1. If Lys and Arg each add +1 and Asp and Glu each add -1, what is the summed charge of the other residues whose beta carbon sits under 10 Å from the beta carbon of B:Lys195?
2. Assuming 0.36 nm per residue, please report the length gained on full extension of the stretch B:Asp344 to B:Asp215 beyond their Cα-Cα distance.
3. Out of the DSSP beta bridges found with both residues in the protein assembly as shown, what percent are antiparallel (nearest 5)?
4. Return the loop-located GluC sites (Glu not before Pro) in region A:75-162 (DSSP other than H, G, I, E, B) with at most 11 other Cβ atoms within 10 Å of their own Cβ; answer none if there are none.
5. In peptide B:345-356, how many Cβ atoms from other protein chains are near each Cβ within 10 Å, on average?
6. Under a plain spin-label model, where a point goes 7 Å from the Cα along Cα-to-Cβ, how far apart in nm are B:Ile127 and B:Asp44?
7. What is the list of residues in region B:356-374 whose amide nitrogen lies under 17 Å from a point 7 angstrom out from the Cα of B:Leu159, following Cα to Cβ?
8. Around B:Val170, with a cut-off of 11 angstrom between Cβ atoms, what is the net charge of the other residues, counting Lys and Arg +1 and Asp and Glu -1?
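The values are calculated or read from the model by the stated rules, or taken from the named source; none is laboratory data. Everything quoted here is computed from the prediction, not taken from an experiment. Glycine also receives a Cβ, built like all others from the backbone with ideal geometry; neighbour counts cover every protein chain displayed. The accessibility values were calculated without ligands, DNA or RNA, using every heavy atom of the protein model including side chains. Shrake-Rupley method; radii C 1.70, N 1.55, O 1.52, S 1.80 Å.
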Amino acid sequence: MGLLKHCGILKMDLKRVDDLYRDKVILDHCRNPRNADYLDNSDIHCDAINLFCGDEVHIQINVDDFRKITNVGYQSEGCAINQAAGSLISEYIKDLDLSQVRNFISEFSKMLEDKSALDFDEELMPKLGDLTVLHRVKEFPIRIKCVLLSMTALETGLDKVK
Amino acid sequence: MLNVENIRKDFPILAREIHGKPLVYMDNAATTQKPIQVIDSLVDYYSNYNSNVHRGVHLLSMEATEQFELAREKIANFINSKNPESIIWTRNSSESLNLVAYMWGRANIKSGDEILVTAMEHHSNLIPWQELAKEKGAFLKIIPIDKNGCLDLLAYRELITPKTKLVSVVHVSNAIGTINPVKEMIQIAHQVGAKFLLDGAQSAPHMPIDVQELDCDFLVFSGHKMMGPTGIGVLFVKKDILDHLDPLYTGGEMVLEVTYETATWAPIPMKFEAGTPNIADAIALGAAVDYLSQIGMDEIHEYEKLITAYTLDKFSVLEEKGIILFGPHDPLLRGAIFSFYTPDVHPHDLGTIMDHMGIALRTGHHCAMPLVKSLGVPATARASLYVYNTFSEVDTFIDGTIEALRYFKNGS
């Protein structure tokens, strides 16, 4: 043992990280982020930077006269979780109105931060669609903030709207 | 060569498993693990002679005072300071730096004066001087680094002028590992009459430091990065400077005579240590210094040079795969801190995968945001080693990184 215990070919048992990084939906959104085009004539700019890790999220939103979201642009710099989460969220908020987005931000953030359960609220799950896959990040508490950065961006953007 | 396996036995935490794998702790630039001797020293103080210092006439207080001041002497010997009074206890390097900025800086920096730092400073050796310069109308100038991550000494010679009052330089970069040629830099600073502050946070734990030989005016370092507890740090100030400094904090412990109207200060160093000090952690830092000295700082430095050379050699495999390693590639010009960027995998994702292999790395900008930005990457992953890291752990780390890259490449 001792020195020897680290030697030899590494047999990585990465089943737990597979839950996060091998999820088909997460992988798909990470590789092919949706709504990636920057919206030049956006009504609302949502930007957030996590200064601790350097990750950035930028979301542009167009709304109609009834404050319903008609178009979303989403760009991010950062880790796979940040990118996949932002892409999923950009899809989800399309067609919602701004008050629905506000509700979504608070409910979804609460579910992510709730330490009592590893899953999301079952009643809300059907509404969330593909977004439910993000519950997997709860097994990696340190990475929850990677998902929350998009929420922070949305919140900052919406706060600017009167 | 020193016996790493024996050293490892002194660190209870190194027997831990992380996600079912043996812990490979490579986040030593953030904080180091503690040997049982340091842990025992804390338990001994609280179990056997816990008491306040410098005041009680009872036996416990006398024992505590004796051990507390003995620890100060140990620190003085560790950096070869002539006077134990030159050692001021602080919380950490950051507080030490701020104390210099407030006590010496506010009294000595005037409008139009210049302060020099390098492009590779930790935020803690940048922001206090930004604030001081703003307040006094002084200029903060940055000594640039070259493409290898080494300091541009020619630029330093050009930047330094008779208006330069302070040069404050990191000895070993926490972000890219560069060892700066501080002895030469100190001589150059003194030629124009500038004071020199040496940030030893990443050097004091890893190599011998001799403040008389270096002739630095200030030296700062943190206990927890050298096997000591958190919450205790050191500020060394040359005695002739210290004699003329006014304290920042006032109150208990630091006074000689007090009336309702005024007070006189206790002699150095006590006049800089208001309030009950961090007695337990100071004593335990003394135990850490004993532990390091017993191994020998020369031996530690030699071992780290070897493991640095070995790691650099192994990194060439990673570099062939497109990984970028920052900092000089000459093992004599750098400490065992390896900051790298994997273009295909974000450092945070790499960090999570490595964690599940039991390997503790740091990811981010390492409190050196301007430097990491200038490297043109959003963040880096960093492996930082200490004397208890083995060559086979380096293999584990390199293989783990390759495995993590493969994991992301093949993901489907």
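1. Once positives and negatives cancel, what remains is +1.
2. 41.9 nm
3. 70 percent
4. A:Glu122, A:Glu123
5. The mean count of partner-chain Cβ atoms within 10 Å per residue comes to 6.
6. Modelled inter-label distance: 3.7 nm.
7. Within reach of a label on B:Leu159, which here means backbone N under 17 Å from a point 7 Å along Cα→Cβ, region B:356-374 contributes B:368-374.
8. Surrounding charge for B:Val170 is -2.
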